[in-house]
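Working notes, structure below.
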Amino acid sequence: MYVGTRSGQKWGEKYFDWNGEKDRLPQKGETLTATGSVHLREALGCRAPIIGAIAPEEQVRVLQARIVANCHHWVQVKRIQKKEH
């Protein structure tokens, strides 16, 4: 699953809150917390089919991050499963 944002937007400004420096892409293994509903896409690119959404406050783990065409930042993520009590 992938999420993206345009370059020039810092990661905490619109989509995610995380503990890293806002001027760099998140690194593999870091955790992101959604600040709003974020579309999940099945592949890189803004035209890739939407396959779901991350809900506000939901956490995801970064698998890889990169900058692709049109100055978009894309991060491949995996949902963090909530532990059942």
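Taking LEU40 and the conditions (1) modelled with pLDDT of 80 or more; (2) part of a loop (DSSP other than H, G, I, E, B), which numbered condition does it fall short on, given that it satisfies the others?
(2)
Looking at GLY29, GLY52, which one is out of contact with any Lys or Arg (no Cβ under 6 Å at 6 or more places or on another chain) and either of a type in the set (S, T, N, Q) or modelled with pLDDT under 85 (or both)?
GLY52
In the range 47-65, how many residues are outside any loop (DSSP other than H, G, I, E, B) and surrounded by 13 or more Cβ atoms within 10 Å (Cβ to Cβ)?
Result for the range 47-65: 9.
The values are calculated or read from the model by the stated rules, or taken from the named source; none is laboratory data. Remember, predicted model here, so these are calculated numbers, not experimental data. Here Cβ is always computed from backbone atoms with ideal geometry, including for glycine, and neighbour counts include all displayed protein chains.
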